[in-house]
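Working notes, beginning with the structure itself.
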Amino acid sequence: MELFAIVFFGIIAAASAFLVIFSKNPVHSALWMVVNCLALAVMFLLLNSQFIAILQVIVYAGAIMMFILYAIMMLDIKKAAVEDQVKNNFAFGRMLILFLFFIGLAMMGIGLAPGAIKGTMGPAALAHFGEANLIANYIFS
């Protein structure tokens with residue numbers, strides 16, 4: 001059940017990330033970014049990282065997105081200017097996304113991607129102390 005939830009919210013996060021990139025309206029793009037932040041927060045909860053999940057919602061989905069929406073509204077972006085810029089940068093963006101995708105696949109295939117959490121911040125320590133306590137001990141000691 002937990003694996004299904006992680007896969008489900010991973011698909012939601014990936015789909016909303018693509019919608020952030022390919023939305024024509026900047027406000028819609030910012031709102032899809034909020035959906036992405038919330039999906040990532042749920043994934044952090046499923047991975048027993050409650051502190052990071054709360055920070056994800058408060059800082060990114062709340063404060064940062066409010067500032068981004070405020071900046072979009074204050075800039076009064078003209079639709080024609082945005083369409084010209086999107087047409088000019090679309091091919092470069094596609095190539096960059098494909099390049100990063102294949103770099104990620106290569107890292108996973110070679111084994112350079114980070115593995116499971118091990119050591120003092122492992123699942124046993126998180127269950128015993130709680131995540132916020134461990135992070136506070138590392139920060140303030």
Do you know which of the residues in the stretch 41-76 that are farther than 15 Å from PHE9 by Cβ and not aliphatic (A, V, I, L, M) is surrounded by the fewest Cβ atoms within 10 Å (Cβ to Cβ)?
ASP76
So which pairs qualify, if the first residue must be in the stretch 40-60 and touching a residue at least 40 places away in the same chain (Cβ under 8 Å), the second must be assigned to a helix (DSSP H, G or I) and open to solvent by 60 Å² or more (accessible area, probe 1.4 Å), the Cβ gap must be under 7 Å, and the two must be at least 6 apart or on different chains?
LEU46/GLU2; ASN48/PRO123; ILE52/PHE44
Is it the case, given these coordinates, that SER23 is modelled with pLDDT of 90 or more and closer than 21 Å to ASN89 by Cα?
no
Take the residues in the stretch 1-39 that are aromatic (Phe, Trp, Tyr) and free of Cβ contacts under 8 Å to residues at least 12 places away in the same chain, then tell me which one is farthest from ALA53 (Cα to Cα).
PHE22
For the stretch 1-29, give me the residue count where each residue is open to solvent by 90 Å² or more (accessible area, probe 1.4 Å) and hydrophobic (A, V, I, L, M, F, W, C).
8
Sole miss for GLY104 among (1) open to solvent by less than 50 Å² (accessible area, probe 1.4 Å); (2) modelled with pLDDT of 85 or more is condition (2)
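The values are calculated or read from the model by the stated rules, or taken from the named source; none is laboratory data. Just so you know, these numbers come straight off a predicted model, no measurement behind them. A quick note on method: Cβ atoms are made from the backbone with ideal geometry, for glycine too, and the neighbour counts reach across all protein chains shown. Side chains are part of the model used for accessible areas, which takes the heavy atoms of the whole protein and leaves out ligands, DNA and RNA. Shrake-Rupley method; radii C 1.70, N 1.55, O 1.52, S 1.80 Å.
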